[in-house]
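Throughout, read-outs are computed from the coordinates displayed, never taken from laboratory work. From a predicted model like this one, the values you see are computed outputs, not experimental measurements. Glycine gets a Cβ as well: all are built from the backbone with ideal geometry, and neighbour counts include every protein chain shown.
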Amino acid sequence: MSADQAKAKAVAKAKKAVDPKKASVDTATQKLLVKAKADEIETIFDRALTMKPCNIGEQGTCCKICAQGPCRLPYPKKGIEGEDTRKGLCGATPETIAARNFARMVAAGAASHSDHGRGVAETFLAAARKETEDYTIKDTEKLFEVAPLFDVPTTVMVEGPDGEKVPQERDIYEIAEEIGEKALAEWGNQQGEVYYAKRAPEPRYKLWQDLDVVPRGIDREIVEIMHRTHMGVDQDYRNIIKQCSRAAIGDGWAGSMIATDLQDIMFGTPYPLQGEINLGVLKEDHVNMIVHGHEPLLSEMIVVAAQDPELLEYAKSKGAKGIILAGMCCTANEILVRHGMPIAGNYLQQELAIVTGALDAMIVDVQCIMENLANVAACYHTKLITTNPRAMIESGETIHIEFDEHSALEDAKKIVREAIDNFTNRSSQPLIPDEKEMMVAGFSVESINYHLGGTFRGSYTPLNDNIINGRIRGIGAVVGCNNARELHDSGHLTVIKELLKHNVIVLTTGCTAMAAGKAGLLTPEAAKVYCGDGLAEVCETVGIPPVLHMGSCVDNSRILLAATEVVKAGGLGNDISDLPAAGAAPEWMSEKAISIGQYCVASGFYVVFGLGLPITGAPRFQKHLFEELADIYGGMWDVETDYVEMAHKMIAHIDKKRAALGLDKKKERVLMDMADRQKLDAA
Ligand code: NFS
Ligand code: SF4
């Protein structure tokens, strides 16, 4: 498609332009929507007004997996009296159809996270083998933690001075190579179990074994979903969901978790640091670049290239004062939590970053990249640069600069040079909104340990104590996307604020974390403003924000491990399903969110989604997800479109778990000792 065609596609049909206040609660977004309208640029917010979702697809009951369809089985408005006799040409029930559609979302979501993880593992192996100079082993402490998880020895026995055998530490690159090989093999493994399944609390792991849902290999389980959901294969929605669990566990506890671990080893485990967020991080007199997408392999190198003295000089030679590199979507979270690089915004702000007129290059890799970026970029001077062979964009003047881990820094420099060259091409008067907020981010499992446990001996015990004594009522994990069918950021903020008010500490990742950051919730000062007395007291004592930013969406694996640490610290039951904890994705849109939801449910979490799930046309299937799974996993799905109510459903679940642990009676404000906790355990 030519640039002119792309331009034509970007221009607003002007019939229906969105009212900025009805599109977003974020004022930077509102300001740029006004500019978009003035510039006659149509955005996703406008398109959401004119295109209504299909009613049957929304219910999950449209089947198009064979050419005899699409078979559409809407749930009748007047309800169904007597037996539900709806069926597709082949006889597929609404349950089978909805379950198959759901399963394919799990497959796509798990594939996306895990393919990202595979790329990381490949690069890790290349780094371990010293095939590339650009990536190295940075965090050896984490390397030594991860090695035993893959049964990789960290010492060898050598002959000592007196002839006896003594242990000697192995070379770290040797250890890394063995980890890399074993990690990469997790994708193609055909039999047995993925290594990390054992990292779950023991009863959870045993339950998975009993249910036969321990993943054999990451890819295998995804492929098996595709097979089972082919025409005429698995015709029992309960059995389909069982395979969803197996593939999703392969995402959360393998593909994503391996990605997180190996990224930490190569780029450093996050520790709390300060950063800034929102479109106001761009600067008019600087070269502005945004890295948008998901894989830190690329962005880590661009971070290095953007600080290269030679390139900084080059930027100055073009009249720029410097280079601003900001992130968007999960790439942003990755470079924030490790380098404190600024975040330009979350998913729904991507077109608007270009509408500022001040963006010299948008560099994208994979996932959550709107195709319309090319059309919008064609109307401004912004260069849109694709970098991944898996993700190209056909339209406009998109440039493809392929990024290869073997020549990573060189490729990254080429990309930065493109951005600098484009600085002098700015055409219109830019509008960079003033909005930017300070935030503290980078709460890995390790750093929570450190922060709550103190420097002397890190531990989750103080967190558990505060949950047991009631200062903290429970843990809420609020994660996920933005969705153009919802008032931008409002779902996240409403749920989080309501949880804080009721003393529920919040863990967050993904685009939710960015919504929280923009609203000032990721600062220690937020505790006083938003939290109930108990939580405020804990946060103020420890000096942490009440909302802990744990990273990108693959880093939801950190939430699984944090929950596991809480179980291990004692006093709150023996499994994740015993914890006073709940998860939510208020504004979800991506298939990845469905895979995350499913692995959280299979791990024992109560999980509530906003907007709706495409299952309402199949009531028995819905009942299976919302109720029957609780009997199997101790975790279950739910949907709630009222966000205050969503928080209260989470709180109700937390209270139920507190009651089961006998904590509803214990409100006295004393720290418990080990004996007390054991008593509680026994109760
Ligand atoms: Ni998660 Fe991150 Fe955002 Fe949703 Fe997309 S960026 S991986 S999928 S939209 S949270
Ligand atoms: Fe219709 Fe069955 Fe084919 Fe689906 S698999 S499209 S329900 S005939």
- Dipole size in debye (nearest 20) for region 94-267 around its Cα centre, Lys and Arg Cβ +1, Asp and Glu Cβ -1? 980
- Which FRET efficiency value, to the nearest 0.05, do you get for V233 and T27 by plugging their Cβ-Cβ distance into 1/(1 + (r/R0)^6) with R0 = 45 Å? 0.35
- Message: Once you place label points 7 Å from the Cα toward the Cβ at C66 and S428, how far apart are they in nm?
- Response: 5.2
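By count of other Cβ within 10 Å, fewest leading, how are V337, V194, V18 ordered? Intermediate results must be reported in sequence, preceding the final value.
Details: V337 31, V194 25, V18 22.
Ascending Cβ contact count within 10 Å gives the list V18, V194, V337.
Would you mind ranking K16, K182 by Cβ crowding within 10 Å, fewest neighbours first? All intermediate terms of the calculation are to be shown ahead of the outcome.
Details: K16 12, K182 18.
Exposure proxy ranking, most exposed first: K16, K182.
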- Any idea how far apart K528 and R620 come out in nm if each label point goes 7 Å out from Cα toward Cβ? 5.9
- Message: I'd like the FRET efficiency for V223 and E627, computed as 1/(1 + (r/R0)^6) with the beta carbon distance as r and R0 of 41 Å, rounded to 0.05.
- Response: 0.85
- The farthest towards the positive end of the charge dipole of region 437-660, of the residues Q598, Y460, V529, given +1 on Cβ of Lys and Arg and -1 on Cβ of Asp and Glu, is Y460
- Apply the Debye scattering formula to region 94-267, with a single equal point scatterer on each alpha-carbon and no solvent, then give log10 I(q)/I(0) at q = 0.11, 0.15, 0.17, 0.20 Å⁻¹. -0.53, -0.84, -0.99, -1.21
- Query: Okay, helix-only estimate at 222 nm for the chain: each DSSP H run of n ≥ 4 adds -39500 (n - 2.57), divide by all residues, round to 500 deg cm²/dmol; what do you get?
  - Reply: -14000 deg cm²/dmol
- Query: What fraction, in whole percent, of alpha-carbon pairs in the chain exceed 49 Å separation?
  - Reply: 12
- Task: Note down the magnitude of the dipole of region 279-425 about its Cα centre, charges +1 on Lys and Arg C-beta and -1 on Asp and Glu C-beta and zero elsewhere, to the nearest 20 debye.
- Result: 420
- Query: What percent does the relative contact order of region 94-267 come to when contacts are Cα pairs within less than 8 Å and at least six residues apart?
  - Reply: 37
- Positive-pole candidate from M550, F609, W588, dipole of region 437-660, charges at beta carbon: M550
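Between E540 and K16, 0.36 nm times their residue separation minus their Cα-Cα distance comes to what?
183.9 nm
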- Which three extents, in whole angstrom, do the alpha-carbon atoms of region 279-425 cover along their principal axes, largest first? 34, 33, 26
- Query: In debye, nearest 20: dipole of the chain around its Cα centre with unit charges on the Cβ of K, R (+) and D, E (-)?
  - Reply: 2540
- Task: Specify the inter-centroid distance of region 588-627 and region 333-383, based on alpha-carbon positions, in whole Å.
- Result: 30
- D212 and A652 label points (each 7 Å along its Cα→Cβ direction) are spaced in nm at 3.6
- Message: Can you compute 3J(HN,Hα) from phi for each residue in region 591-607, using the Karplus curve 6.51 cos²θ - 1.76 cosθ + 1.60 with θ = phi - 60°, rounded to whole Hz and x for Gly and Pro?
- Response: 4, 4, 5, 5, 5, 4, x, 5, 6, 5, 4, 5, 8, x, 8, 7, 10
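Provide the percentage of antiparallel DSSP beta bridges, counting only those with both residues in the chain; round to the nearest 5. Show your work: numbers first, answer last.
On the way: 14 of 53 bridges.
Rounded to the nearest five, the antiparallel share is 25 percent.
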- Item | Residue (of V194, I172, G160) at the positive-pole extreme of region 118-196, dipole from beta-carbon charges | V194
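Using Cβ contacts closer than 10 Å as the measure, can you line up S447, S245, S427 from fewest to most? Provide the component values of the computation, followed by the final result.
Numbers: S447 21, S245 25, S427 9.
The most exposed by this proxy come first: S427, S447, S245.
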